[in-house]
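The values are calculated or read from the model by the stated rules, or taken from the named source; none is laboratory data. Every value quoted in this text rests on a predicted model; they were computed, and no experiment measured them. Cβ: placed from backbone, ideal geometry, glycine included. Neighbour counts: every protein chain shown.
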Amino acid sequence: MNEKIKKTKNFIIDLIYPNCCPCCKKTIPINNLVCENCDKKLKKLQSMNITTSKKEPVDGGYCAFPYNDTTKPAMLEMKKGFGTCFIDYTLDLRTEDILNNSFLTSCEAVYAVPSSERYNHSQIIAEKLGKFLDIPVLEKLVYKRKFQKRQHTLDYKQRIENAQKSFILNNKCQKTEYKTILLCDDIITTGNTVKRIAVLLKQNGIEKVFAFSLCGVADAK
Ligand SMILES: [Zn+2]
């Protein structure tokens, strides 16, 4: 597109839908991903590696940021279908980190934690990460049923049972040729969801499952 037309188009889009920082909602220039203030705060945050024992279904993983007051609003925006620029920001900021992580770079394909809703923000993370690592994004290996009970109304043991009932292997899906998969989610808290999906993926013949999330809590397993 002609540069002048492109600039005018961006100017009009910015007037109607101003670009906002996904973390604090402040209006920012159209090509920026986060505001200067949040950028400073995010750059100070540490990423986390997830290490697990050999008995665990998830073989290891990586969380780009802790889940805190700065990152929480961005996660909520993404769930609503906005602020996916935070994924671009994360991949940009953590490029070196990700490319030096032998778990992540050993993966042959990406898979998103499935959703029972039509819009799945984890799928957007998987697609962007697949493009970043130059590996394919797999689909429909596992299905999610609608939660019978809301997770937050349950105690710890009930949550594990509920997560187990919620995800089922898609038996119509052929065994995948890929042996090492990167499973993407927005936040890893207890790890119950990724563990359950890893168990199912291994039933499909996948040998290793690593997890990737934008945010994680300190004791994520
Ligand atoms: Zn901000």
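Name the one entry in 57, 22 that is part of a loop (DSSP other than H, G, I, E, B), over 18 Å from residue 76 (Cβ atoms) and of a type outside the set (D, E, K, R).
Working: 22 fails: over 18 Å from residue 76 (Cβ atoms).
Result of the check over 57, 22: 57.
When you go through (1) in contact with a Lys or Arg (Cβ under 9 Å, 6 or more places away or on another chain); (2) in the same structural domain as residue 122 (by TED's automatic domain parsing); (3) more than 27 Å from residue 138 (Cβ to Cβ) one by one for residue 72, which number turns out not to apply?
Residue 72 satisfies all of (1) in contact with a Lys or Arg (Cβ under 9 Å, 6 or more places away or on another chain); (2) in the same structural domain as residue 122 (by TED's automatic domain parsing); (3) more than 27 Å from residue 138 (Cβ to Cβ) except (1).
With respect to residue 69, determine if the residue is more than 10 Å from the ligand (Cβ to nearest atom), at pLDDT 90 or above, part of a loop (DSSP other than H, G, I, E, B) and on the phi < 0 side of the Ramachandran plot. Can you show your working first?
Values: more than 10 Å from the ligand (Cβ to nearest atom): yes; at pLDDT 90 or above: yes; part of a loop (DSSP other than H, G, I, E, B): yes; on the phi < 0 side of the Ramachandran plot: yes.
Yes; evaluated as a whole, the condition is true for this residue.
If the requirement is being surrounded by 14 or more Cβ atoms within 10 Å (Cβ to Cβ), touching a Phe, Trp or Tyr at 6+ places or on another chain (Cβ under 8 Å) and in the same structural domain as residue 77 (by TED's automatic domain parsing), which of these qualifies: 144, 128?
On the way: 128 fails: touching a Phe, Trp or Tyr at 6+ places or on another chain (Cβ under 8 Å).
Residue meeting the stated conditions: 144.
Return yes when residue 211 is at pLDDT 80 or above, within 20 Å of the chain's Cα centre (by Cα) and part of a strand (DSSP E or B) and no when it is not. Explain how you work it out, then say what you get.
Working: at pLDDT 80 or above: yes; within 20 Å of the chain's Cα centre (by Cα): yes; part of a strand (DSSP E or B): yes.
Yes, satisfied.
Just the residues that are surrounded by 12 or more Cβ atoms within 10 Å (Cβ to Cβ) and away from the ligand (no atom under 16 Å from the Cβ), please, taken from the range 10-50.
Result: 10, 13, 14, 47, 48, 49, 50.
If residue 64 meets every condition in (1) free of Cβ contacts under 8 Å to residues at least 40 places away in the same chain; (2) away from the ligand (no atom under 13 Å from the Cβ); (3) of a type in the set (A, V, I, L, M) apart from one, which number is that one?
In the conditions (1) free of Cβ contacts under 8 Å to residues at least 40 places away in the same chain; (2) away from the ligand (no atom under 13 Å from the Cβ); (3) of a type in the set (A, V, I, L, M), residue 64 misses (1) alone.
Output the qualifying pairs, or none if there are none: Cβ atoms under 7 angstrom, residues six or more apart or on different chains, first residue in the range 15-31 and modelled with pLDDT under 90, second residue near the ligand (Cβ under 10 Å from one of its atoms) and of a type in the set (A, V, I, L, M, F, W, C).
19/28
Look at residue 55 and say whether it is at negative phi, without any contact (Cβ under 8 Å) to a residue 40 or more places away in the chain and more than 15 Å from the ligand (Cβ to nearest atom).
yes
Does residue 92 satisfy the condition of being over 16 Å from residue 210 (Cα atoms) and either crowded, with 16+ Cβ neighbours inside 10 Å or not hydroxyl-bearing (Ser, Thr, Tyr) (or both)?
Details: over 16 Å from residue 210 (Cα atoms): yes; either crowded, with 16+ Cβ neighbours inside 10 Å or not hydroxyl-bearing (Ser, Thr, Tyr) (or both): yes.
The answer is yes for residue 92.
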